[in-house]
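Please treat every number below as a calculation from the coordinates, not as lab data. Predicted model, so just to flag it, every value in this text is computed and none were measured. Positions of Cβ are generated from backbone atoms using ideal geometry, with glycine treated the same way; all protein chains shown enter the neighbour counts.
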Amino acid sequence: MTHGSDILVRAADESDLEALTDLYNRYVRETAITFDTAPFSPEQRRSWLLSHRKDGPHRLLVARQRGGHAPDRPAAAPGRLLGYAHSSPFKPKAAYATSIECSVYVAPDAGGRGLGTLLYRHLFEVLEGEDLHRAYAGITVPNEASVRLHRRFGFERCGLYREAGRKFGRYHDVERFEKVL
């Protein structure tokens with residue numbers, strides 16, 4: 001999977017684990033976008049990474065800057081991580097198997113370049129043909145960029161969890177969105 005000449009989008013693998021963990025931890029430490037409150041080690045995130053497959057409904061795609069290969073960087077992981085998108089189980093019970101939860105995380109200094117759109121376009125393309133009925137997303141609000149991104153891909157607001165989580169000393173609302181697949 002590729003895009004243009006400067007960005008590579010592909011399925012994540014273990015060579016991405018450290019960069020994925022670093023990016024997520026930045027959101028943990030600095031934002032209420034995720035309700036995790038303590039940073040993770042790469043080893044703690046390994047099971048999350050491995051829960052995503054290269055086929056099936058639970059995918060993890062990364063966008064990396066193309067560039068030369070440094071001697072200490074595997075060829076499978078060119079350039080720095082710009083962002084990632086994933087689909088995960090919506091809920092653990094069997095009746096929810098045709099529903100997924102989707103998220104996109106973009107490096108803060110890479111925002112505004114269409115990376116979220118690029119990642120979601122690739123994610124929904126690889127999910128075509130899977131036995132899926134609905135995709136869901138939860139957005140800590142306010143987050144206009146994320147709301148716009150999800151609406152662009154056909155997500156519609158389906159609910160609001162008021163003061164669902166407390167982070168940085170205050171309560172935050174979460175808007176719920178759904179998309180027919």
Quick one: length gained pulling Val180 to Arg66 fully straight, 0.36 nm per residue minus the C-alpha distance?
37.7 nm
If I model a spin label as a point 7 Å beyond the Cα along the Cα-Cβ vector, how far apart are those points for Ser88 and Arg46 in nm?
1.8
Label Ala97 and Ala145 with points 7 Å out from Cα along Cα→Cβ: what is the distance between them in nm?
3.8
So, with +1 on the Cβ of K and R and -1 on the Cβ of D and E, and no other charges, what is the size of the charge dipole of region 2-180 about its Cα centre, to the nearest 20 debye?
320
Compute the Rg/Rh shape ratio of region 2-180: radius of gyration over Kirkwood radius, all on alpha-carbon atoms.
0.95
Along the principal axes of its C-alpha atoms, what lengths does region 122-172 span, in descending order and rounded to whole Å?
43, 21, 18
Relative to the present Cα-Cα distance, how much length would full extension add between Thr31 and Glu14 at 0.36 nm per residue of separation?
3.6 nm
